[in-house]
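Student: Shown below is the structure under consideration.
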Amino acid sequence: MEKLRLATLGDIEGIVALNHTFHLDFEGFYWDDAQWVESQVSNRAYYVLEQEGALLAALCLIVEGSDVIGGTLCCRDQRR
């Protein structure tokens, strides 16, 4: 059964690996940087979709006042 939940610090490594699948080689690309992911997880901005403990997708939604900004959305190949 699939479950969408708020990400925890234990999810950081998996989120970084998942986000690395869309890495672009240019200066300033930070979406697969562990420190950035950790900061967003700590800010309660990351959600993960998992099935039986396996990470299927990760979504970062940054809330700034009344604005919601889609930070990242990444999923495993079979979910695209």
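The values are calculated or read from the model by the stated rules, or taken from the named source; none is laboratory data. Here the structure is a predicted model, which is why all the values come from computation and not from measurement. Cβ: placed from backbone, ideal geometry, glycine included. Neighbour counts: every protein chain shown.
Student: Can you tell me which residue is surrounded by the most Cβ atoms within 10 Å (Cβ to Cβ) among those in segment 13-36 that are more than 15 Å from LEU55 (Cα to Cα) and touching a strand residue (DSSP E or B) at 6+ places or on another chain (Cβ under 8 Å)?
Tutor: Looking at the filtered set, the residue picked out is TRP31.
Student: Quick check, is LEU56 on the phi < 0 side of the Ramachandran plot, in contact with a helix residue (DSSP H, G or I) (Cβ under 9 Å, 6 or more places away or on another chain), touching a residue at least 24 places away in the same chain (Cβ under 8 Å) and exposed (fewer than 11 other Cβ atoms within 10 Å of the Cβ)?
Tutor: Taking the combined requirement at face value, the residue does not satisfy it.
Student: While we're here: Pick from LEU24, LEU61: which is out of contact with any Lys or Arg (no Cβ under 8 Å at 6 or more places or on another chain), closer than 14 Å to ARG5 by Cβ, without any contact (Cβ under 8 Å) to a residue 24 or more places away in the chain and of a type outside the set (Asp, Glu)?
Tutor: Only one candidate qualifies: LEU61.
Student: Return the total of residues in segment 5-24 being out of contact with any Cys (no Cβ under 8 Å at 6 or more places or on another chain) and at pLDDT below 90.
Tutor: Going through segment 5-24 one residue at a time, the tally reaches 2.
Student: Can you pull out the residues in segment 59-80 that are within 11 Å of the chain's Cα centre (by Cα) and surrounded by fewer than 10 Cβ atoms within 10 Å (Cβ to Cβ)?
Tutor: Matches in segment 59-80: GLY70 only.
Student: Return the residues of segment 1-27 that are under 17 Å from ILE62 (Cβ atoms) and part of a loop (DSSP other than H, G, I, E, B); say none if nothing qualifies.
Tutor: Answer for segment 1-27, where residues must be under 17 Å from ILE62 (Cβ atoms) and part of a loop (DSSP other than H, G, I, E, B): just ALA7.
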